[in-house]
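Data first, discussion second: the structure below is written as structure tokens.
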Amino acid sequence: QVQLVESGGGLVQPGGSLRLSCVASGNIFSIYAWGWYRQAPGKQRELVAALTGAGSRNYGDSVKGRVTISRDNAKNTVYLQMNSLKPEDTAVYYCNAYDPNSDHGGATGYDYWGQGTQVTVSS
């Protein structure tokens with residue numbers, strides 16, 4: 001089992017910056033990819049940023065150029081640096097960890113999720 005705890009969310013003015021943190025604990029050795037997703041009211045959860053164990057990165061189109069995902073392996077912490085924030089960035093941001101070899105509910109592979117941290121960007 002893997003536990004993910006996000007922090008760093010809050011209220012920020014447009015154009016401001018935030019750095020979200022995700023601290024992972026438990027059996028993290030089999031995790032292949034880490035990521036940040038967000039979900040706004042009435043919207044589906046969408047990818048913000050992802051980082052594989054090999055070091056490749058992927059960003060959602062809506063945030064590309066404004067966010068950076070990074071990881072501190074020694075601290076088992078994944079970060080999401082967000083700059084030039086817009087009101088459209090308002091959402092609950094979730095940390096994600098993917099285990100490709102885990103089986104939960106009949107599905108091969110499993111995504112662990114944190115509880116989420118609220119990011120609100122005022123107009």
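The values are calculated or read from the model by the stated rules, or taken from the named source; none is laboratory data. Remember, predicted model here, so these are calculated numbers, not experimental data. Every residue, glycine among them, receives a Cβ derived from its backbone with ideal geometry; neighbour counts consider all protein chains shown. Heavy atoms of the whole protein, side chains included, go into the accessibility calculation; ligands, DNA and RNA do not. Shrake-Rupley method; radii C 1.70, N 1.55, O 1.52, S 1.80 Å.
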Matching entry among G10, G60 (being touching a Ser or Thr at 6+ places or on another chain (Cβ under 9 Å), among the small types (G, A, S) and modelled with pLDDT of 95 or more): G10
Being open to solvent by 60 Å² or more (accessible area, probe 1.4 Å) and touching a Cys at 6+ places or on another chain (Cβ under 9 Å): is that true of V78 here? no
Which one is nearest to S70 (Cα to Cα), of the residues in region 107-123 that are modelled with pLDDT under 95 and open to solvent by 70 Å² or more (accessible area, probe 1.4 Å)? Y110
From (1) of a type in the set (A, V, I, L, M, F, W, C); (2) open to solvent by 60 Å² or more (accessible area, probe 1.4 Å); (3) in a loop (DSSP other than H, G, I, E, B), pick out the condition that doesn't hold for L85. (2)
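Name every residue in region 8-52 that is closer than 18 Å to A74 by Cβ, within 13 Å of the chain's Cα centre (by Cα) and in contact (Cβ under 8 Å) with a residue 60 or more places away in the chain, in order of residue number. If you could, list the steps in order and put the result at the bottom.
As a first pass, look at region 8-52 and keep what is closer than 18 Å to A74 by Cβ: 19, 21-29, 31, 34, 51.
Next, only the ones that are within 13 Å of the chain's Cα centre (by Cα) stay: 19, 21-24, 34, 51.
Of everything in region 8-52, those that are closer than 18 Å to A74 by Cβ, within 13 Å of the chain's Cα centre (by Cα) and in contact (Cβ under 8 Å) with a residue 60 or more places away in the chain turn out to be R19, C22, A24, W34.
Which residues, counting only those in region 1-48, are open to solvent by less than 40 Å² (accessible area, probe 1.4 Å) and among the aliphatic types (A, V, I, L, M)? It would help to see each step written out before you state the result.
In the first step, residues of region 1-48 are kept if they are open to solvent by less than 40 Å² (accessible area, probe 1.4 Å); the result is 2, 4, 6, 8-10, 12, 16, 18, 20-22, 24, 28, 31, 33-36, 38, 40, 48.
Matches in region 1-48: V2, L4, V12, L18, L20, A24, I28, I31, A33, A40, V48.
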Do the conditions hold for D103, that is, is it acidic (D, E), open to solvent by 60 Å² or more (accessible area, probe 1.4 Å) and more than 27 Å from S123 (Cβ to Cβ)? yes
